[in-house]
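Written out below as structure tokens is the structure these notes cover.
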Amino acid sequence: SHAKYGTIWYADKMYDAIFQTRETHDRIKEKYGRSVSLVYPTADCAVVRFYDPKKQVVGLVHSDAVHTTGDIIGKCVAYMRDHFGCNVDDIEVYVGAFAQDGWTYDRLPNFARKDDSDSEINDVWKDYIVIEDGNYIIQYGDKIFDQLRSSGIRYENIYFDPDNTLLNDDYFSHSRSY
């Protein structure tokens, strides 16, 4: 579809909108120039946009709780490095509005369970879930940030939208509590 400022690409695959081959990337760039926007509609999930200004490579991932558990961020950074020759020091990251903090469950969510346990937190989330008054509070923003850093993204190249979809009525939210 076309927007006022260019073409919008809707992504829905594992590596979402990383252009799978250099030829595809070059054809899109030749046809549309710099007026291509990558869009991924979500509610409370983190959409993470990657950009390497030196290699002119972009990536977009839907880092929901399940994909975050599977380290989709690390996989995207590795894909950009291995398939496009990106230097991790050059990659800039923007994380759009999402349920950064305050995401609460009244029981341990499936994505955070160790094996089939109803109460034991897996290793991926153990440092990012606070149990308070019987509720499980997910520190989603901290987890996303730490995955970016452990993937080698430089601190100064990480940008988070300050809006929290749980707290701002301008955003749709599946999990907002009133």
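The values are calculated or read from the model by the stated rules, or taken from the named source; none is laboratory data. Fair warning: this is a prediction, and the values are worked out from it, not measured in the lab. With ideal geometry, Cβ positions are generated from the backbone for all residues, glycine too; neighbour counts draw on all protein chains shown. Areas reflect the complete protein model, heavy atoms only, side chains present, ligands, DNA and RNA absent. Shrake-Rupley method; radii C 1.70, N 1.55, O 1.52, S 1.80 Å.
For region 69-80, indicate whether the set of residues that are of a type in the set (Ser, Thr, Tyr), over 16 Å from residue 138 (Cβ atoms) and under 11 Å from the mean Cα position of the chain (by Cα) is non-empty. Please lay out each step first, then the result.
In the first step, residues of region 69-80 are kept if they are of a type in the set (Ser, Thr, Tyr); the result is 69, 79.
Filter again for over 16 Å from residue 138 (Cβ atoms), leaving 79.
Those left that are additionally under 11 Å from the mean Cα position of the chain (by Cα): none.
No.
Report the residue count in region 153-163 for those that are part of a loop (DSSP other than H, G, I, E, B) and open to solvent by less than 30 Å² (accessible area, probe 1.4 Å).
Step one: filter region 153-163 for residues part of a loop (DSSP other than H, G, I, E, B), giving 153-154, 161-163.
Adding the requirement that they be open to solvent by less than 30 Å² (accessible area, probe 1.4 Å) leaves 153, 161.
So the answer is 2.
If you take the residues of region 130-155 that are basic (Lys, Arg) and touching a residue at least 40 places away in the same chain (Cβ under 8 Å), which of them is nearest to residue 94 (Cα to Cα)? Talk me through it step by step, then tell me what you get.
Filtering region 130-155 down to residues basic (Lys, Arg) leaves 143, 149, 154.
Now restrict to residues that are touching a residue at least 40 places away in the same chain (Cβ under 8 Å): 143, 154.
Numbers: 143: 15, 154: 12 Å.
Among those that are basic (Lys, Arg) and touching a residue at least 40 places away in the same chain (Cβ under 8 Å), it is 154.
Just the residues that are touching a helix residue (DSSP H, G or I) at 6+ places or on another chain (Cβ under 9 Å), open to solvent by 10 Å² or more (accessible area, probe 1.4 Å) and either among the aliphatic types (A, V, I, L, M) or farther than 16 Å from residue 45 by Cα (or both), please, taken from region 85-109.
87, 88, 89, 90, 92
For residue 135, work out the one condition from (1) in contact with a Ser or Thr (Cβ under 9 Å, 6 or more places away or on another chain); (2) modelled with pLDDT under 90; (3) of a type in the set (S, T, N, Q); (4) open to solvent by 40 Å² or more (accessible area, probe 1.4 Å) it doesn't fulfil.
(2)
Out of 173, 117, which single residue is in a loop (DSSP other than H, G, I, E, B), open to solvent by less than 50 Å² (accessible area, probe 1.4 Å), farther than 17 Å from residue 45 by Cα and at pLDDT below 90? Steps first, answer last, please.
Details: 173 fails: farther than 17 Å from residue 45 by Cα.
None of the other options fit; the residue is 117.
Of the numbered conditions (1) at positive phi; (2) open to solvent by 50 Å² or more (accessible area, probe 1.4 Å); (3) at pLDDT 90 or above, residue 149 satisfies every one except a single condition; which is it?
Residue 149 satisfies all of (1) at positive phi; (2) open to solvent by 50 Å² or more (accessible area, probe 1.4 Å); (3) at pLDDT 90 or above except (1).
Among the listed residues 130, 66, 124, which satisfies the condition of being farther than 17 Å from residue 157 by Cβ, touching a helix residue (DSSP H, G or I) at 6+ places or on another chain (Cβ under 9 Å) and open to solvent by 50 Å² or more (accessible area, probe 1.4 Å)?
Values: 130 fails: touching a helix residue (DSSP H, G or I) at 6+ places or on another chain (Cβ under 9 Å); 124 fails: open to solvent by 50 Å² or more (accessible area, probe 1.4 Å).
Being farther than 17 Å from residue 157 by Cβ, touching a helix residue (DSSP H, G or I) at 6+ places or on another chain (Cβ under 9 Å) and open to solvent by 50 Å² or more (accessible area, probe 1.4 Å) holds for just one of 130, 66, 124, which is 66.
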